[in-house]
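J.: Structure below; questions to follow.
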Amino acid sequence: QVQLVESGGGLVQPGGSLRLSCAASGSIRRINAMGWYRQAPGKERELVAVITSGGSTNYADSVKGRFTISRDNAGITVYLQMNSLKPEDTANYYCNLEGSTYQISYVRNYWGKGTLVTVSS
């Protein structure tokens, strides 16, 4: 199976920065894309940013120009640099991997347990 471990969340003041990390491990056969989603209390989970195996990126309009997604050379660790944070960025941030494993050959989504980001003064 696939394990996704997020880190880097915490409390930050408005205008501050945080860097989230997500390390993937397990019997990964293929990664199509990795990304970050977030879910605020009472709201649905939404896409924040995604990076494909080819290096293409996509961002939610609300974070464009403030957040940057990147990955390591091995392609199994993904980062989310978050700058100019706003109170409305407060949410649980979840790492996502779209891919397949040696046990499950079809492509599916895998999720981390989430890391909490709180933006407050």
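The values are calculated or read from the model by the stated rules, or taken from the named source; none is laboratory data. Just so you know, these numbers come straight off a predicted model, no measurement behind them. Cβ coordinates were reconstructed from backbone atoms using ideal geometry, including for glycine residues, and neighbour counts include every protein chain displayed. Please note that ligands, DNA and RNA were not included when accessible areas were found on the heavy atoms of the full protein model with its side chains. Shrake-Rupley method; radii C 1.70, N 1.55, O 1.52, S 1.80 Å.
J.: Place a +1 charge on the Cβ of each Lys and Arg in region 25-121 and a -1 charge on the Cβ of each Asp and Glu, then give the dipole magnitude about the Cα centre in debye, rounded to the nearest 20.
T.: Dipole magnitude for region 25-121 comes out near 160 debye.
J.: Another one. When DSSP beta bridges are limited to those with both residues in the chain, what percentage is antiparallel, rounded to the nearest 5?
T.: 95
J.: If you don't mind, there's one more thing I want to ask. Of all accessible surface on the chain at a 1.4 Å probe, what whole percent is carbon and sulfur?
T.: Roughly 45 percent, rounded to a whole number.
J.: List every residue whose amide H lies under 5 Å from the amide H of Arg29, counting only residues 5 or more places away in sequence or on a different chain, with H placed 1.01 Å from N in the peptide plane.
T.: Here the answer is Ser100, Thr101, Tyr102, since their amide H atoms fall under 5 Å of that of Arg29.
J.: While we're looking at this one, here's another question. Could you let me know the centre-to-centre spacing of region 104-119 and region 1-35, using Cα atoms, in angstrom?
T.: When both Cα centres are located, 8 Å separates them.
J.: Once you have the Cα-Cα distance between Ala60 and Arg29, take 0.36 nm times their residue separation minus that, and quote the gain in nm to one decimal.
T.: 8.4 nm
J.: Given H placed 1.01 Å from N in the peptide plane, which residues other than close sequence neighbours of Gly16 have an amide H under 5 Å from its amide H?
T.: Leu85
J.: Let me ask something else about it. Tell me, what ³J(HN,Hα) does each residue in region 40-48 have, in order and in whole Hz, if you take phi through Karplus 6.51 cos²θ - 1.76 cosθ + 1.60 with θ = phi - 60° and put x for Gly and Pro?
T.: Here the 3J(HN,Hα) series is 8, x, x, 10, 7, 5, 10, 5, 9 Hz.
J.: Using only protein heavy atoms and a 1.4 Å probe, report how much of Arg30 is accessible, in Å² to the nearest 10.
T.: Surface accessible to solvent at Arg30 totals approximately 140 Å².
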